[in-house]
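Here the structure comes first, spelled out in structure tokens, and everything after it is commentary.
The values are calculated or read from the model by the stated rules, or taken from the named source; none is laboratory data. Worth saying up front: this structure is predicted, and the values here are computed from it rather than measured. Quick reminder, even Gly has a Cβ in these numbers, built from the backbone with ideal geometry, and neighbours come from all protein chains shown. Heads up: the accessible areas ignore ligands, DNA and RNA and are worked out on the full protein's heavy atoms, side chains in. Shrake-Rupley method; radii C 1.70, N 1.55, O 1.52, S 1.80 Å.
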Amino acid sequence: MTAISRSKVNIYIASAGTNLASLAATDKIEGEIKEYSKSGGEEDVESDPVFGGFIDKEKPISQVEISLEVIPKINENQDRWDAFTYALDTTGVYTMASETSTQPTNKVICIEAIDTVSGKYKTWGFNNAKVTVFDLSHNADDNQTGNITFKFSPTDDSGVSNFQTLGTARASMPDWDELDNN
């Protein structure tokens with residue numbers, strides 16, 4: 001058994017609806033993500049006591065958050081995190097929005113773990129993820145870091161899941177429109 005370590009993980013971010021098998025090498029984030037975490041997606045059942053027992057009330061599945069701690073780099077992708085977060089103004093700068101700005105689109109996030117020795121994979125896919133916050137910090141004795149949080153609903157407007165996971169390679173994952181959870 002092999003643990004999932006940082007050397008065995010690829011993380012991709014692309015436009016919402018992009019099928020995991022179609023992700024390009026340019027969608028892979030290299031050398032900038034320090035930590036990732038997923039939270040939410042709980043399905044809560046509340047029990048109300050009544051005479052003679054309980055009545056269970058099923059609540060909707062909560063929204064899911066994907067948080068990434070990143071170390072932005074100054075290279076050909078120096079605006080990557082800004083482009084995910086802020087609106088692109090007509091003057092070519094990123095702003096916190098105006099009526100003439102192009103708003104950032106929702107994203108697909110793919111986390112693929114690979115054990116090249118055994119040929120085993122584990123892949124997680126998240127669709128329609130919208131950036132809700134991007135916080136930056138910079139200590140004088142360390143690199144600048146940022147915490148970017150993506151949030152998404154468990155299903156899209158058609159009721160199809162925005163989440164999929166399977167012990168297979170990203171290239172073998174089904175297309176989003178093939179998922180039918182209705």
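Solvent-accessible surface of the chain, averaged per residue with a 1.4 angstrom probe and all protein chains in place: 62 square angstrom.
Straight-line cross-link partners of Lys57 among the aspartates and glutamates, defined as a Cα under 18 Å from its Cα and at least 8 positions apart when in the same chain: Glu42, Glu43, Asp44, Glu46, Asp48. Of the accessible area of the chain, computed with a 1.4 Å probe over protein heavy atoms only, carbon and sulfur atoms account for 48 percent. Considering only alpha-carbon pairs that sit under 8 angstrom and 6 or more positions apart, the relative contact order computed for the chain is 24 percent. The local environment of Ile74, defined by Cβ-Cβ distances under 14 Å, has a net charge of -2 under the rule Lys, Arg +1 and Asp, Glu -1. Size descriptors for the range 28-182 (Cα atoms only): Rg and Dmax, in that order, 19.6, 67 Å. My understanding is that a pair violates if its Cα-Cα distance is over 24 Å; which of Lys28/Lys120; Lys73/Lys130; Lys59/Lys151; Lys34/Lys107; Lys59/Lys120; Lys122/Lys151 do that in this structure? Where the Cα-Cα span goes over 24 Å, the pairs concerned are Lys59/Lys120.
Highest mean packing first, where packing is the average number of other Cβ atoms within 10 Å per residue, the peptides 156-165, 45-54 line up as 156-165, 45-54. What you get for the range 39-132, charging only the Cβ of Lys and Arg (+1) and of Asp and Glu (-1), is a dipole of about 360 debye around the Cα centre. Electrostatic bookkeeping for Asp56 treats Lys and Arg as +1 and Asp and Glu as -1; over the other residues with beta carbon under 13 Å from its beta carbon, the sum is -3.
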